[in-house]
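Any read-out appearing in this document is the output of simple, stated calculations on the displayed coordinates, not a laboratory observation. Quantities reported herein were computed from a predicted structural model and do not represent experimental measurements. Here the Cβ is made from the backbone with ideal geometry for all residues, glycine too, and neighbour counts use every protein chain on show.
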Amino acid sequence: MVNLGDIFPNIRAETTHGTIQLYDWMGDSWAILFSHPADFTPVCTTELARAEDKAAEFQKRNVKMIALSCDSVDSHNGWTPDVDSLTCQKKGKLSFPIIADPKRELAVKFGMLDPDEQTKEGLPLTARCVFIIGPDKKVKLVILYPATTGRNFDEILRVIDSLQLTATKKVATPVDWKHGEKCMVLPSVSADEAAKLFP
């Protein structure tokens, strides 16, 4: 399990883009790791397609995307045309890698399991986990969706905007905040300091 503020492990994994070492692959970027129960499943297919359609938005924010599914690289590659058929781009490939985790080692290690949804073998399905990792390799956000509920990538982008703003400015973002809207000065900032920081 990894929690907020933990250093995310420097995993080595086989992916659809070859073998990666996480820190080398990330470089100085932010990263989002999002897990999926299985290849060729309908909800997962829609999610990967939406992620691909939002790839430019993630890139604009210096965030690299990487997915994980508990199947092999060959299975991922076979699944890609299904995903591509739902994207706006229809490029024939995905811009981000998918990690192969056929033995479910990473899914177990990171607590990505949904005990209420099971495989035909009776094993818990991998849940829809979202880890956002900062350039310092620390976990900035964890969201865990059940296998039956697809994610909202507009919300994930909104959260990234907040995380990146609050990482560099002494502010907090209120409910339903969106990029460019008013935010709040942290209560720990004195009136004098606030006047200097936010003239």
Open item on the list: At 222 nm, what value in deg cm²/dmol follows for the chain if DSSP H runs of at least 4 each add -39500 (n - 2.57) and the sum is divided by all its residues, to the nearest 500?
Closed with: -9000 deg cm²/dmol
- [ ] At a temperature of 20 °C and a viscosity of 1.002 mPa s, determine how fast the range 1-108 diffuses translationally according to Stokes-Einstein, using the Kirkwood radius over alpha-carbon pairs as Rh; express D in µm²/s, rounded to the nearest whole number.
- [x] 151 µm²/s
Task: When each of Lys60/Lys196; Lys140/Lys169; Lys60/Lys137; Lys54/Lys170; Lys91/Lys178 is checked by Cα-Cα distance, pairs over 21 Å - done: Lys60/Lys196; Lys54/Lys170; Lys91/Lys178
Open item on the list: Residue by residue through the range 22-28, what is 3J(HN,Hα) from phi via Karplus (6.51 cos²θ - 1.76 cosθ + 1.60, θ = phi - 60°)? Round to whole Hz and write x for glycine and proline.
Closed with: 3, 5, 5, 5, 5, x, 9
Open item on the list: Compute, for the range 77-172, the length of the dipole vector about the Cα centre, with Cβ point charges of +1 (Lys, Arg) and -1 (Asp, Glu) only. Units Debye, rounded to 20.
Closed with: 460 debye
